[in-house]
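Accompanying notes for the structure given below.
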Amino acid sequence: MQFQQLQYFVAVAETRHFTRAADLVHVAQPSLSQQIKALERELGADLFLRARGNITLTDAGEALLPLARRILADADTARHEVQELAQLRSGRVRLGATPSVCTGLLPDVLRAFHDRYPGIRLLIEEGGSHDLVRELARGALDLALVVLPLPTPSPALTTVELLREDLVVVSSPGAPVPGRGRTVRISDLEGERLVMFRHGYDLRELTVAACRAEGFEPDFAVEGGEMDAVLGFVRAGLGVAVVPRMVATRSGRGLRVTPLARPGLDRTIALAHRSDVAPPRAARELQRMLLER
């Protein structure tokens with residue numbers, strides 16, 4: 001089995017077309033087809049069902065695809081690791097983070113990292129913890145900042161707790177404070193119109209679970225937004241939202257910030273990476289700066 005054959009196989013699997021796959025990997029179509037047939041002979045199984053105008057994966061192809069993608073991703077990581085200069089003058093870091101972490105925690109750390117290593121490219125991917133864990137597992141990210149506990153615990157990942165952060169209630173300064181006190185209880189949110197994040201947001205799941213634990217279903221004024229949109233809707237007076245204190249502090253202009261009454265709500269942010277592959281040198285340096293921040 002050759003590395004090049006896996007590249008050709010993944011290209012055909014993703015395009016479902018031999019000619020387009022050949023164009024994608026810059027090789028003549030007959031050469032690509034020959035290499036795919038050689039790979040099938042080596043494995044002793046057909047990888048594609050070839051019908052006129054319709055290419056689909058066989059069961060063997062479906063089994064090979066995630067493994068081939070991981071091998072190619074690991075090889076890509078190895079290539080970049082070797083190419084990095086000793087003084088970290090070049091390279092890249094692929095970092096995943098939840099949107100609220102991108103808003104609250106990352107700007108200062110990334111600025112310090114960029115000032116120290118201006119030649120390192122920072123590739124940031126925002127997503128929910130579930131999506132980030134999947135991207136880590138397939139080798140598409142070097143590091144990820146996720147919310148614990150993970151939606152699906154994975155023994156293939158190593159996680160290190162980074163911080164524990166309180167959640168607060170934000171509202172428009174022109175609107176009454178829920179509960180009309182210095183703090184807000186979760187039960188005070190019953191009957192309040194909430195501005196709610198989209199499905200897949202860790203904060204959505206946490207807020208809804210807290211409301212249900214108090215015996216009521218939250219009432220949504222608006223739902224489906226990302227962090228910036230949610231804060232904008234709250235400023236406009238459409239409702240209140242539960243957000244991390246760090247986000248509220250950084251984005252507090254035009255917002256009233258009210259703590260939650262004890263025991264309140266908090267969340268744990270952790271730094272995660274694959275257990276079986278060491279992050280590249282540049283990623284390890286960013287990891288060190290995050291842990292020492």
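The values are calculated or read from the model by the stated rules, or taken from the named source; none is laboratory data. Quick caveat, the model's predicted, so the values are computed rather than measured. Please note: Cβ atoms are built from the backbone with ideal geometry, for glycine as well, and neighbour counts cover all protein chains shown. Surface areas here come from the heavy atoms of the whole protein model, side chains and all, with no ligands, DNA or RNA. Shrake-Rupley method; radii C 1.70, N 1.55, O 1.52, S 1.80 Å.
Scanning the range 153-181 for residues that are open to solvent by 60 Å² or more (accessible area, probe 1.4 Å) and under 26 Å from A229 (Cα atoms) yields a count of 6.
Of the residues making up the range 192-212, those that are touching a residue at least 60 places away in the same chain (Cβ under 8 Å), of a type outside the set (D, E, K, R) and over 17 Å from L260 (Cα atoms) number 2.
From L255, L291, L260, which residue is of a type outside the set (D, E, K, R) and under 25 Å from H130 (Cα atoms)? Unique residue meeting the criteria: L291. Identification of helices (runs of 4 or more DSSP H) wholly contained in the range 85-191 with 2 or more residues that are of a type in the set (G, A, S) and within 30 Å of P263 (Cα to Cα) yields 99-104.
A241 versus (1) among the small types (G, A, S); (2) part of a helix (DSSP H, G or I); (3) open to solvent by less than 20 Å² (accessible area, probe 1.4 Å): which is the lone unmet condition? Evaluating A241 over (1) among the small types (G, A, S); (2) part of a helix (DSSP H, G or I); (3) open to solvent by less than 20 Å² (accessible area, probe 1.4 Å) leaves (2) as the failure.
Taken over the range 29-44, the criterion of being open to solvent by 60 Å² or more (accessible area, probe 1.4 Å) and closer than 14 Å to Q5 by Cα is satisfied by Q29, P30, Q34, K37, R41, E42, L43.
No other residue among A270, A282 is in a helix (DSSP H, G or I) and touching a residue at least 60 places away in the same chain (Cβ under 8 Å) apart from A282.
For the range 45-65, state whether one or more residues are of a type in the set (K, R), part of a helix (DSSP H, G or I) and either open to solvent by 70 Å² or more (accessible area, probe 1.4 Å) or modelled with pLDDT under 95 (or both). No, that holds for no residue. A count restricted to the range 203-219 and to residues that are open to solvent by 40 Å² or more (accessible area, probe 1.4 Å) and either among the basic types (K, R) or under 21 Å from S251 (Cβ atoms) (or both) stands at 2.
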